[in-house]
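Comments concern the structure below.
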Amino acid sequence: MKTMSDKRIILASKSPRRKELMGLLFPQFEVQASDVDETLPEGVSLGRAVELLALRKGQAVAGAEPDALVIAADTLVTLGSVVLGKPTGREDAARMLRLLSGRVHQVYTGVALLEGERTNRFHCVTDVEFSPLTEEEIRWYLSTGEPFDKAGAYGIQGYGARFIRGVREDFFNVMGLPVNELYRQIMQFTK
């Protein structure tokens, strides 16, 4: 069996944050983004949902790359039963930030590993606590442009960090890739 350094590794994602985090695990890898249908069956749990979406993204790339280790991920931000995707505009981002203000919410990231006919998928959940936000802080944060391309309308690794009171479990999961669990899962998967 090839060692990890001999494997061709592909990240099936266009996220710059996931690309940055993959660099913590692998000095060399390729990026092949995939666009897939993100419609989910009714009643699927959040953990299962992010795993299914990650698997779809990975399968879209792995079919043409049977000898590579393909890694795909999907992240959802939730507040109770409300899923907070990427905001549709300024007002939607402000609405999400008001919802998160002073509360604890969850970030779910599902990951799929694919190599040939073999697959593995898992998910991680991280609790994130926001400090209470004033309307002035929300307006300022919106003016940075950062909230508009991120699930939940914030980036924990950017200006949004100033509003985060605490994180329970994997910090990197909030950025879109649970680095520690991914490392452990890859070591098991490639044995």
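The values are calculated or read from the model by the stated rules, or taken from the named source; none is laboratory data. The shown structure was predicted, so the numbers you read here are calculated from the model rather than taken from an experiment. Cβ: placed from backbone, ideal geometry, glycine included. Neighbour counts: every protein chain shown. Remember, those area values only see protein heavy atoms, side chains included, never the ligands or the DNA or RNA. Shrake-Rupley method; radii C 1.70, N 1.55, O 1.52, S 1.80 Å.
Numbers at a glance
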{"read-out": "Difference of contour (0.36 nm per residue) and Cα-Cα distance, Thr144 to Arg162", "value": "5.2 nm"}
{"read-out": "Between segment 21-89 and segment 165-186, the alpha-carbon center distance in angstrom", "value": "15 Å"}
{"read-out": "Additional length obtainable on full extension of the chain from Asp67 to Thr119, 0.36 nm per residue less Cα span", "value": "17.4 nm"}
{"read-out": "1.4 Å probe accessible area per residue over the chain, in Å²", "value": "50 Å²"}
{"read-out": "Solvent-accessible ranking of Ser13, Ser81, largest area first, probe 1.4 Å", "value": "Ser81, Ser13"}
{"read-out": "Residues of type aspartates and glutamates that Lys57 reaches as a straight line, Cα spacing below 14 Å, ignoring anything fewer than 8 places off in the same chain", "value": "Asp35, Asp37, Glu38, Glu65, Asp74, Glu115"}
{"read-out": "Loop GluC sites (Glu not before Pro), segment 1-98, which have at most 13 other Cβ atoms in a 10 Å radius of their Cβ (DSSP)", "value": "Glu38, Glu42"}
{"read-out": "Only Lys, Arg (+1) and Asp, Glu (-1) charged, at Cβ; the chain dipole about Cα centre in debye", "value": "280 debye"}
{"read-out": "Loop-located trypsin sites (Lys or Arg not before Pro) in segment 97-161, at most 16 other Cβ atoms within 10 Å (DSSP)", "value": "Arg103"}
{"read-out": "For Val61, solvent-accessible area (1.4 Å; no DNA, RNA or ligand), Å²", "value": "10 Å²"}
{"read-out": "FRET efficiency for Val83 and Arg184, using Cβ-Cβ distance with R0 set to 22 Å, rounded to 0.05", "value": "0.20"}
{"read-out": "Accessible area (Å², 1.4 Å probe, nearest 10) - Arg95", "value": "100 Å²"}
{"read-out": "Rounded accessible area of Met22 (nearest 10 Å², 1.4 Å probe)", "value": "0 Å²"}
{"read-out": "Nearest 10 degrees, 0 to 90: helix 90-100 Cα axis against the chain principal axis", "value": "90 degrees"}
{"read-out": "Equivalent ellipsoid, segment 148-191 (semi-axes from 5 times Cα gyration tensor eigenvalues, Å)", "value": "27, 12, 6"}
{"read-out": "Rg(Cα) / (2.2 N^0.38 Å) computed for the chain, rounded to two decimals", "value": "1.05"}
